[in-house]
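Novice: The structure's right below; bear with me while I get my questions together.
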Amino acid sequence: MIAEPFARGSSRLHQLDPRIRVVAASGLSLVVALSHQLPTLIAALLAGVGLVVLANLPLMAVAKRLSVVTGFLLLLWLVLPFTMHGDPMFNLGPFTATREGLSYAGRITFKSLAILLLFLAMVTTMSVATLGHTLARLRLPDKLIVLLLLTYRYLFVLEQEYQRLKRAADIRGFRPGTDLHSYRTFAYLVGMLLVRASARARRVYLAMCCRGFNGRFYTLTGFSPDAQQLPLTLLLGVIGILLLLLEMKW
Amino acid sequence: MHISEGVLSAPVLISGAALAAAGTAIGLKRLDYDRIAQVGVLSSAFFVASLIHVNVGPASVHLILNGIVGLLLGWSAVPAILVALTLQAIFFQYGGITVLGINTLIMALPALACHYLFRGLLWRRPSVAATASFACGFLAVFLSALLLGSALYFTEKEFMAVAALAVGANLPVMVVEGVITIFCIAFLKKVDPGLLPGKRPAENRQAPPAPDREEVADAS
């Protein structure tokens with residue numbers, strides 16, 4: 001159920017130093033999030049599409065990932081044009097759509113999709129384990145990294161634990177519905193999950209102590225940027241500068 | 001409950017990120033290494049629990065449980081929620097880098113409030129405890145919806161309608177969370193009271209203190 005379908009690949013972007021990818025993704029997302037001008041946002045969307053293509057991600061799967069924001073965007077398109085004040089564009093029954101409302105909804109749509117594509121192209125193209133070690137190299141607090149890696153490590157274990165509990169309930173004839181019995185069953189399932197998680201955590205901690213845990217997880221893979229990665233790094237930098245220039249010119 | 005990328009204005013994003021960073025710093029400072037495995041594994045448990053969908057009439061809603069997260073983890077809830085939201089962004093594209101701060105704030109502030117409001121009431125007589133549990137589940141989601149609504153409102157006054165919709169649409173979720181929290185807390189009190197605040201864990205279950213670095217060096 002939980003999977004990282006894009007984490008493995010052999011594209012140029014997959015081979016790029018994860019530190020550069022994380023920094024570039026954060027920087028570019030920030031620039032796009034703070035931009036207001038339509039040309040900047042369209043350029044950002046194009047850059048996002050370009051990077052996704054460069055990362056050689058399966059486009060159908062990417063489209064599916066984008067669908068998580070479409071619900072909210074649809075709501076905006078339904079509400080904003082009719083509630084914002086401004087020049088009337090057209091009438092829909094008793095409601096009047098305004099130019100300001102339409103352009104605002106449009107800008108949010110471009111912005112949202114652009115940032116999402118940048119994230120897909122640059123961050124989901126590494127596994128969370130790599131991300132954790134990358135963030136450690138970028139000097140984020142050790143405890144936060146340990147927390148991230150532990151949570152990631154036990155996510156899959158506890159998901160199976162939950163599936164096991166749920167299957168046992170199903171076999172006993174549990175049919176979820178809108179009633180107190182269903183809610184109590186789910187509450188006990190969650191409670192049992194927490195109890196088992198805590199018991200497991202105690203064992204995990206003891207095992208970590210046995211192995212001499214001193215507050216860090218080490219990795220043997222080193223990150224070494226080489227000359228081959230230079231063009232792509234420069235390209236990411238140029239995209240950032242161009243977006244900034246576009247935003248300031250308008 | 002989360003806000004998508006690209007919606008909020010710069011001041012809202014920046015203040016959200018600043019407050020979340022401060023909260024995370026406090027949470028990490030108070031989190032000792034001998035508790036870190038507990039917080040990490042419980043955080044994955046809450047992540048999995050948030051994937052559970054329960055029926056509400058013809059629709060279904062997923063659990064949030066930030067009330068229980070707050071009760072169990074206290075200040076550690078802030079980094080735990082930050083980590084969980086990071087993973088959600090990676091696995092499901094809910095939220096993202098620029099909204100990570102404000103989304104953490106939306107979930108973690110109510111969790112902290114619930115921790116301080118209700119931790120003292122859990123071990124009172126059953127009717128009080130049940131009421132406190134319900135209030136904990138209800139209030140956590142209500143406050144989150146309110147924070148989400150205000151983040152939208154401070155971005156753009158015209159968002160008022162969307163913000164009100166967000167709070168209103170979450171009303172059934174608040175009731176469901178309240179009910180589930182009553183049963184879940186009652187369950188934990190019977191099965192593993194040491195998990196809840198206000199009860200010391202049984203002696204034989206206490207984890208040994210973390211070895212200090214010298215000891216580790218000696219062992220190798």
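Novice: Take A:ARG216 and tell me if it is surrounded by fewer than 13 Cβ atoms within 10 Å (Cβ to Cβ), touching a helix residue (DSSP H, G or I) at 6+ places or on another chain (Cβ under 7 Å) and either farther than 21 Å from A:LEU16 by Cα or modelled with pLDDT of 95 or more (or both). Reasoning before the result, please.
Specialist: On the way: surrounded by fewer than 13 Cβ atoms within 10 Å (Cβ to Cβ): yes; touching a helix residue (DSSP H, G or I) at 6+ places or on another chain (Cβ under 7 Å): yes; either farther than 21 Å from A:LEU16 by Cα or modelled with pLDDT of 95 or more (or both): yes.
Against the criterion (surrounded by fewer than 13 Cβ atoms within 10 Å (Cβ to Cβ), touching a helix residue (DSSP H, G or I) at 6+ places or on another chain (Cβ under 7 Å) and either farther than 21 Å from A:LEU16 by Cα or modelled with pLDDT of 95 or more (or both)), A:ARG216 qualifies.
Novice: May I ask you to verify whether B:ILE68 is β-branched (Val, Ile, Thr), closer than 18 Å to B:VAL173 by Cβ, touching a helix residue (DSSP H, G or I) at 6+ places or on another chain (Cβ under 7 Å) and modelled with pLDDT of 95 or more?
Specialist: Yes; evaluated as a whole, the condition is true for this residue.
Novice: Checking A:THR125 against (1) in a loop (DSSP other than H, G, I, E, B); (2) at pLDDT 95 or above: exactly one of these is not met. Which one?
Specialist: (2)
Novice: Then there is this: Could you check the stretch B:146-171 and list, in sequence order, the residues that are of a type in the set (S, T, N, Q) and touching a residue at least 24 places away in the same chain (Cβ under 8 Å)?
Specialist: B:THR155, B:ASN170
Novice: A further question follows. Within the bounds of the stretch A:192-209, is there any residue that is surrounded by 19 or more Cβ atoms within 10 Å (Cβ to Cβ) and more than 9 Å from every other protein chain (Cβ to nearest Cβ)?
Specialist: Among the residues of the stretch A:192-209, not one is surrounded by 19 or more Cβ atoms within 10 Å (Cβ to Cβ) and more than 9 Å from every other protein chain (Cβ to nearest Cβ), which makes the answer no.
Novice: For A:VAL68, indicate whether it is within 10 Å of chain B (Cβ to nearest Cβ) and either in contact with an Asp or Glu (Cβ under 8 Å, 6 or more places away or on another chain) or free of Cβ contacts under 8 Å to residues at least 12 places away in the same chain (or both). Steps first, please.
Specialist: On the way: within 10 Å of chain B (Cβ to nearest Cβ): yes; either in contact with an Asp or Glu (Cβ under 8 Å, 6 or more places away or on another chain) or free of Cβ contacts under 8 Å to residues at least 12 places away in the same chain (or both): yes.
Taking the combined requirement at face value, the residue satisfies it.
Novice: Now for a separate question. Pull up the stretch B:45-56, narrow it to residues that are free of Cβ contacts under 8 Å to residues at least 12 places away in the same chain and facing another protein chain (nearest Cβ under 7 Å), then point me to the one that is farthest from B:TYR94 (Cα to Cα).
Specialist: Checking each candidate, the answer is B:ASN55.
Novice: Would you pick out the residues in the stretch B:134-181 that are outside any helix (DSSP H, G or I) and within 10 Å of chain A (Cβ to nearest Cβ)?
Specialist: Matches in the stretch B:134-181: B:GLU156 only.
Novice: For A:ARG139, indicate whether it is more than 9 Å from chain B (Cβ to nearest Cβ) and assigned to a loop (DSSP other than H, G, I, E, B).
Specialist: Working: more than 9 Å from chain B (Cβ to nearest Cβ): yes; assigned to a loop (DSSP other than H, G, I, E, B): yes.
The answer is yes for A:ARG139.
Novice: Given the residues B:ILE36, B:ILE26, which is the only one that is out of contact with any Pro (no Cβ under 9 Å at 6 or more places or on another chain) and buried (at least 21 other Cβ atoms within 10 Å of the Cβ)?
Specialist: Working: B:ILE26 fails: buried (at least 21 other Cβ atoms within 10 Å of the Cβ).
After applying the criteria, what remains is B:ILE36.
The values are calculated or read from the model by the stated rules, or taken from the named source; none is laboratory data. Keep in mind it's a predicted model, so treat the numbers as computed, not measured. Positions of Cβ are generated from backbone atoms using ideal geometry, with glycine treated the same way; all protein chains shown enter the neighbour counts.
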